[in-house]
Ligand code: HEC
Ligand code: HEC
């Protein structure tokens with residue numbers, strides 16, 4: 001056996017970096033033909049072409065090949081540098097040429113030769129006779145090398161990338177060509193001894209060295225052909241560049257394509273880069289760590305994503321990657337780019353880990369009692385972000401068949417907020433999410449499509465879902481199901497586009513989606529589309545696409561602290577009954593629901609909604625009745641984090657004092673006294689919310705009836721309020737969905753609109769269907785009747801009658817003025833998220849910015865919200881809020897007017913709620929609002 005240590009290297013002064021995994025290049029370096037570091041392209045291509053022994057045309061071709069490969073050898077970010085100064089041979093490891101163990105494995109990552117692998121190489125060959133010496137030695141001919149390479153690929157399994165076979169063509173076969181002995185297809189062989197020498201001693205056989213040193217000059221004929229070859233090579237390179245561009249810079253390519261075109265839609269939507277986070281904190285909100293983690297990951301019985309849990313875990317990001325593997329969709333760092341917040345797999349872990357997720361520090365001083373420990377515990381085994389929940393024990397509500405676990409969004413996905421400030425991420429529960437769910441939907445669909453149609457991807461997917469040993473039949477079945485999912489999604493989208501194209505808004509305009517973008521969602525229209533259209537389609541009931549409505553009234557995710565104690569929830573004060581509000585939302589984010597008459601009658605309206613969890617969630621949010629103690633429990637609003645964020649966040653107490661006075665004068669009329677400022681209650685006892693006559697006893701509870709104001713008078717965008725006012729739906733007769741009966745009998749509603757058994761306003765249709773579904777879910781879950789009664793409570797499931805007694809100056813529909821505790825944490829403002837900061841909220845509406853970017857932008861503690869500069873351009877992946885389309889016409893749902901402070905009033909004209917504020921007054925008010 002050969003002992004490398006027994007023979008000194010050829011030239012010990014020339015080191016070969018272990019980061020050079022190519023045996024051939026190592027030989028060139030070892031022999032001193034080229035430098036071990038950066039080698040000019042010209043030198044490299046000339047040397048290798050010489051060594052090939054080719055002449056004329058073939059030699060030029062060899063040079064072009066070498067140039068092509070050498071250009072990309074260090075990766076695509078290095079191309080320009082490679083052109084200028086040449087590839088870096090000591091930085092090839094991990095680059096596109098490195099097969100990461102999927103090749104022969106003869107050279108280890110440490111640059112050491114693996115003798116076992118050389119023996120394996122030899123086992124693929126046979127004995128040959130050296131034509132020069134006549135002696136016998138082991139070697140491999142072309143066919144044997146081919147088998148060897150094939151076996152290498154097989155051994156590597158799913159680690160193989162599509163281009164490895166191509167790369168391999170340039171290695172062992174080239175070595176055979178250059179170093180081989182003998183002639184003819186069968187007899188020309190690569191000597192194993194030569195391979196060993198090349199790798200261990202980095203020496204070429206002598207005859208090769210000679211060849212490199214004495215090269216004939218190019219003939220003039222060959223020179224002419226070089227031009228022709230150059231052109232071919234150029235075309236080839238252009239095609240390669242296009243492919244590389246799509247793979248490596250999809251966002252830029254997408255930006256250059258027509259946005260409605262098929263091509264642009266095949267590329268994933270651009271996502272913002274994640275800014276670096278140096279520290280994270282969860283603010284204290286009266287919830288224990290256990291409560292938080294439970295809220296973040298407990299399932300409410302929804303299958304928001306169109307694939308089972310394990311499939312979602314196995315999906316790769318929809319990106320073409322030429323030289324690496326795309327990441328997984330489930331990767332937290334990827335999902336965070338959609339605006340989600342990272343979350344630990346378990347909270348039963350060490351303090352350092354918890355701290356890195358922003359926990360622990362908060363609980364150093366206080367230890368709120370856990371409520372959620374009484375409930376079924378949850379873990380987050382796959383480390384998904386806040387708001388992702390696994391639904392287990394799934395049963396198809398129509399067939400009763402057991403189904404695979406599903407993956408859904410829970411409340412926390414949309415109701416957990418965070419603000420960023422100079423690398424610090426401050427997180428809080430119940431706050432508005434900064435997510436873009438549309439992008440996530442589109443990415444999920446695309447990643448399914450890529451899995452089916454990008455080479456090798458389905459195999460890897462199936463390996464993950466079924467295990468590497470799965471049978472072909474199982475793989476095929478999986479592929480068919482995945483295909484069926486994609487077909488459903490595509491058909492659905494096509495049907496949606498077609499239906500919406502044929503529909504008008506209530507005021508006669510063409511219906512059209514309004515981009516939700518980061519931080520917004522058109523919850524009401526989406527729920528309507530889900531329940532009154534897609535759920536019929538999923539139940540196999542045809543013909544209800546007609547119920548679809550464009551998503552044209554997006555709203556800013558609302559904060560949900562304190563809301564359990566408001567008589568009416570939602571921006572338009574449309575829901576009084578808390579369970580209906582939560583169950584309706586669960587249907588909206590796709591609880592499984594059977595709306596088919598093809599099964600026994602008792603399965604109609606059966607769903608996967610988890611009413612028990614929904615009830616617990618509500619208890620956790622609400623806490624004990626606040627009225628008696630004049631203090632809110634449950635989830636409290638987050639406090640302005642000046643203790644964490646330093647000087648820019650210091651509060652000026654003098655300004656707070658003046659601000660409080662202004663608040664008492666101007667804001668209480670609608671927002672009432674603050675719910676969490678005892679100072680205010682002392683100074684303005686008449687205005688204190690706790691002595692307000694707006695507290696009403698309903699059953700055993702005291703709830704606060706918030707002020708409602710006419711949309712016309714407020715002058716803010718009317719789209720959200722119009723949804724429940726104007727939208728109507730049709731339902732099949734077999735549903736027997738009679739709102740007058742269901743709501744009238746059950747809740748004694750007196751203000752129900754006219755309906756027939758198949759045509760009705762969307763508002764009461766939804767209230768009625770959610771009522772039936774919730775009762776059915778409780779019965780199915782065998783909740784005892786007395787508990788059911790308690791869970792429902794006494795708040796009615798009736799339409800909101802508007803301000804009482806009715807006020808002709810406040811015609812419906814209405815928006816609700818919420819208590820402003822925690823308002824600092826809820827930018828952008830107004831129900832449609834059209835005003836980026838409190839500062840803009842308190843100015844004349846006409847001065848507010850008409851366009852701004854949303855995504856991962858930093859928070860501004862002075863303006864309180866986002867500091868928008870005139871004409872700002874959005875960074876890659878951010879979404880732009882705009883009041884108008886590019887042609888200047890208004891975008892439905894995006895007006896930023898109303899709630900203005902201007903003029904000298906009162907009285908105020910429509911759209912104005914207070915007089916013009918002086919600069920100092922505005923600052924004082926903002927300072928005060930920070931403390932709420
Ligand atoms: C997919 C995102 C999403 C999920 C999941 C979600 N919500 Fe909401 N929620 C919204 C949006 C958007 C609104 C505002 C709707 C409107 O007023 O038009 C809202 C409104 C609310 C409101 C009323 C807020 C107010 O200002 O009156 C409450 C309370 C609420 N949600 C609680 C929950 C609870 C509890 C859950 C889980 C059981 C949940 N939500 C799940 C998006 C979501
Ligand atoms: C005439 C009634 C009225 C007065 C006075 C009033 N508001 Fe409002 N406010 C409302 C209503 C109604 C809304 C909801 C409007 C909407 O979302 O379209 C609102 C919304 C807001 C919001 C946005 C909340 C959110 O969900 O984004 C802020 C902030 C706000 N008001 C602050 C103030 C302050 C501060 C004052 C006093 C300086 C004030 N308001 C005075 C009625 C009023």
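Observations
- Among the residues of the stretch 342-383, those that are within 16 Å of ligand 1 (Cβ to nearest atom) and either out of contact with any helix residue (DSSP H, G or I) (no Cβ under 7 Å at 6 or more places or on another chain) or at pLDDT below 95 (or both) comprise 371, 372, 375, 376, 378.
- Test: residue in the stretch 680-689 that is within 15 Å of ligand 2 (Cβ to nearest atom), part of a loop (DSSP other than H, G, I, E, B) and on the phi > 0 side of the Ramachandran plot: no
- Any hit, the stretch 839-849, residues being more than 16 Å from ligand 1 (Cβ to nearest atom) and either closer than 19 Å to residue 426 by Cβ or more than 37 Å from the chain's Cα centre (by Cα) (or both): no
- Selection from the stretch 475-522 of residues that are part of a strand (DSSP E or B) and within 25 Å of residue 448 (Cβ to Cβ): 521
- Segments classed as helices (runs of 4 or more DSSP H), wholly inside the stretch 233-327, with at least 3 members that are surrounded by fewer than 20 Cβ atoms within 10 Å (Cβ to Cβ): 250-256, 262-266
- Tabulated pairs, the stretch 696-714, first without any contact (Cβ under 8 Å) to a residue 40 or more places away in the chain, second within 13 Å of ligand 1 (Cβ to nearest atom), C-beta under 9 angstrom, 6+ apart or interchain: 697/703
- Filter pass, residue 659 being assigned to a helix (DSSP H, G or I), on the phi < 0 side of the Ramachandran plot and under 40 Å from the mean Cα position of the chain (by Cα): yes
- Test: residue in the stretch 728-749 that is outside the structural domain of residue 508 (by TED's automatic domain parsing), within 16 Å of ligand 1 (Cβ to nearest atom), buried (at least 19 other Cβ atoms within 10 Å of the Cβ) and under 24 Å from residue 563 (Cβ atoms): no
- Residue in the stretch 557-565 that is more than 16 Å from ligand 2 (Cβ to nearest atom) and assigned to a loop (DSSP other than H, G, I, E, B) present: no
- Flag if residue 609 is within 16 Å of ligand 2 (Cβ to nearest atom) and either crowded, with 18+ Cβ neighbours inside 10 Å or in the same structural domain as residue 412 (by TED's automatic domain parsing) (or both): no
- For beta carbons closer than 6 Å, sequence separation of 6+ or different chains, a first residue in the stretch 809-834 that is farther than 22 Å from residue 893 by Cα and a second that is part of a helix (DSSP H, G or I) and more than 7 Å from ligand 2 (Cβ to nearest atom), the qualifying pairs are 824/930.
- Cβ-Cβ distances below 6 Å connect the following pairs, each with a first residue in the stretch 862-878 that is in contact (Cβ under 8 Å) with a residue 24 or more places away in the chain, a second residue that is surrounded by fewer than 21 Cβ atoms within 10 Å (Cβ to Cβ) and in a loop (DSSP other than H, G, I, E, B), and a separation of six or more residues or different chains: 868/849; 876/270; 877/270.
- Strands (runs of 3 or more DSSP E) (entirely within the stretch 824-932) containing at least 3 residues that are within 11 Å of ligand 2 (Cβ to nearest atom) and over 22 Å from residue 552 (Cα atoms): 912-914
- Residue within the stretch 727-750 that is within 16 Å of ligand 2 (Cβ to nearest atom), modelled with pLDDT of 95 or more, part of a loop (DSSP other than H, G, I, E, B) and over 30 Å from residue 423 (Cβ atoms) present: no
- Residues in the stretch 786-814 that are more than 16 Å from ligand 2 (Cβ to nearest atom) and assigned to a loop (DSSP other than H, G, I, E, B): 793, 794, 795, 796, 797, 798, 799, 801, 804, 805, 806, 808.
- Residue in the stretch 119-129 that is under 19 Å from residue 21 (Cα atoms) and either surrounded by 17 or more Cβ atoms within 10 Å (Cβ to Cβ) or not assigned by TED's automatic domain parsing to the domain that holds residue 184 (or both) present: yes
- Residue within the stretch 200-209 that is over 21 Å from residue 16 (Cα atoms) and either assigned to a helix (DSSP H, G or I) or over 54 Å from the mean Cα position of the chain (by Cα) (or both) present: yes
- In summary, residue 525 fulfils each of the numbered conditions (1) within 11 Å of ligand 1 (Cβ to nearest atom); (2) surrounded by fewer than 22 Cβ atoms within 10 Å (Cβ to Cβ); (3) not in a loop (DSSP other than H, G, I, E, B) with the single exception of condition (2).
- Meets criteria (assigned by TED's automatic domain parsing to the domain that holds residue 344, surrounded by 19 or more Cβ atoms within 10 Å (Cβ to Cβ), under 30 Å from residue 864 (Cβ atoms) and within 16 Å of ligand 2 (Cβ to nearest atom)) for residue 358: no
- Identity of the residue in the stretch 642-690, surrounded by 13 or more Cβ atoms within 10 Å (Cβ to Cβ) and modelled with pLDDT under 95, that ends up nearest to residue 824 (Cα to Cα): 642
- Take the conditions (1) within 19 Å of the chain's Cα centre (by Cα); (2) over 30 Å from residue 284 (Cβ atoms); (3) touching a residue at least 40 places away in the same chain (Cβ under 8 Å); residue 456 misses just one of them, which is (1).
- Check on residue 783, more than 11 Å from ligand 2 (Cβ to nearest atom), within 27 Å of residue 525 (Cβ to Cβ) and surrounded by fewer than 24 Cβ atoms within 10 Å (Cβ to Cβ): no
- Residues of the stretch 804-843 satisfying the condition of being within 25 Å of residue 755 (Cβ to Cβ) and either surrounded by fewer than 21 Cβ atoms within 10 Å (Cβ to Cβ) or at pLDDT below 95 (or both): 804, 806, 811, 812
The values are calculated or read from the model by the stated rules, or taken from the named source; none is laboratory data. Quick caveat, the model's predicted, so the values are computed rather than measured. Quick reminder, even Gly has a Cβ in these numbers, built from the backbone with ideal geometry, and neighbours come from all protein chains shown.
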